[in-house]
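The values are calculated or read from the model by the stated rules, or taken from the named source; none is laboratory data. Please read these numbers as outputs of a predicted model, since none were measured by experiment. Glycine gets a Cβ as well: all are built from the backbone with ideal geometry, and neighbour counts include every protein chain shown.
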Amino acid sequence: MSRRSEILEEMGLAPLWRSRKMPAPPEDREALVLKMSWQELKRAVPACTACGLHATRTQTVLGVGDERADWLLVGEAPGAEEDRLGEPFVGQAGRLLDNMLAALALRRGENVYIANVLKCRPPGNRNPESAEVAACTPFLRRQIALIQPKLIVAMGRFAAQTLLETDATIASLRGRVHRYAGVPLVVTYHPAYLLRNLPDKAKAWSDLVFAQRAMRDLQAGRAVPI
Ligand code: SF4
């Protein structure tokens with residue numbers, strides 16, 4: 001089997017290619033992912049076996065929401081409930097996130113898209129490994145290119161450090177507008193962390209107010225400070 005055929009099998013796209021419903025893809029997996037349509041992504045992610053997490057997942061969690069949203073919220077990886085239900089940010093942390101969105105007059109699914117860096121749950125909610133992140137981030141990159149959000153909110157240390165390719169702390173990254181693939185990005189705490197550290201809720205709130213101000217500038221076509 002050629003490398004291209006292996007990649008297509010790994011991504012669940014072999015039947016589409018054989019039936020000539022998609023053009024011959026490049027042989028490089030990342031290049032293939034970065035050309036996908038939403039339909040192809042939704043087929044490829046559930047079939048993906050590119051890292052070891054496929055063996056322990058119940059199902060993949062691609063993301064949820066408005067596929068042309070101005071707001072893109074990115075967390076770390078699915079937890080137990082997300083793995084069971086196939087949707088990101090459900091359970092207690094999800095309810096907190098929904099409340100935070102409501103305080104900004106936003107709702108999940110309306111001009112908001114929510115995703116994680118990893119699409120499969122690490123067993124026991126352990127930290128993602130670098131090989132897993134490397135295998136999975138092309139999917140997120142493609143989601144960002146398709147959504148074309150005005151602003152990304154990276155929630156939690158892992159999402160922030162992965163997207164910004166840094167090991168800086170959340171504390172040092174908050175309160176500034178960064179860039180990911182040219183898209184403005186702000187950093188805040190993960191809702192699951194806030195459930196365990198209630199005093200930091202006030203900081204998360206100020207991050208969201210900061211993000212909202214940046215979004216107003218972006219929607220009005222004004223430059224945001226970097
Ligand atoms: Fe594929 Fe990402 Fe799941 Fe790994 S975590 S199997 S790369 S979808």
For the stretch 115-141, enumerate the residues that are surrounded by fewer than 24 Cβ atoms within 10 Å (Cβ to Cβ), charged (D, E, K, R) and either in contact (Cβ under 8 Å) with a residue 12 or more places away in the chain or in contact with a Gly (Cβ under 9 Å, 6 or more places away or on another chain) (or both).
-> 129, 132, 141
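Could you tell me whether the stretch 184-199 includes any residue that is within 16 Å of the ligand (Cβ to nearest atom) and among the polar types (S, T, N, Q)?
no
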Single unsatisfied condition, residue 166 versus (1) in a loop (DSSP other than H, G, I, E, B); (2) within 22 Å of residue 222 (Cα to Cα); (3) without any contact (Cβ under 8 Å) to a residue 40 or more places away in the chain | (2)
Could you pull out the residue among 93, 159, 77, 154 that is in contact with a Leu (Cβ under 7 Å, 6 or more places away or on another chain), of a type in the set (Gly, Ala, Ser) and within 16 Å of the ligand (Cβ to nearest atom)?
-> 77
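A quick yes/no check of all residues on (1) more than 27 Å from residue 37 (Cβ to Cβ); (2) modelled with pLDDT of 95 or more; (3) of a type in the set (S, T, N, Q):
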| site | (1), (2), (3) |
| --- | --- |
| 96 | yes, no, no |
| 105 | yes, no, no |
| 112 | no, yes, no |
| 116 | no, yes, yes |
| 134 | no, no, no |
| 140 | no, yes, no |
| 149 | no, yes, no |
| 160 | yes, yes, no |
| 172 | yes, yes, yes |
Residue in the stretch 33-43 that is within 14 Å of the chain's Cα centre (by Cα), in a helix (DSSP H, G or I), within 16 Å of the ligand (Cβ to nearest atom) and in contact (Cβ under 8 Å) with a residue 60 or more places away in the chain present | yes
Hey, any hits in the stretch 51-61 for a residue that's surrounded by fewer than 18 Cβ atoms within 10 Å (Cβ to Cβ) and touching a strand residue (DSSP E or B) at 6+ places or on another chain (Cβ under 9 Å)?
-> no
Say whether the condition of being under 19 Å from residue 69 (Cα atoms) and away from the ligand (no atom under 16 Å from the Cβ) is met by at least one residue in the stretch 129-146.
-> yes
Which one of these is away from the ligand (no atom under 16 Å from the Cβ), part of a loop (DSSP other than H, G, I, E, B) and over 21 Å from residue 197 (Cβ atoms): 68, 57?
-> 68
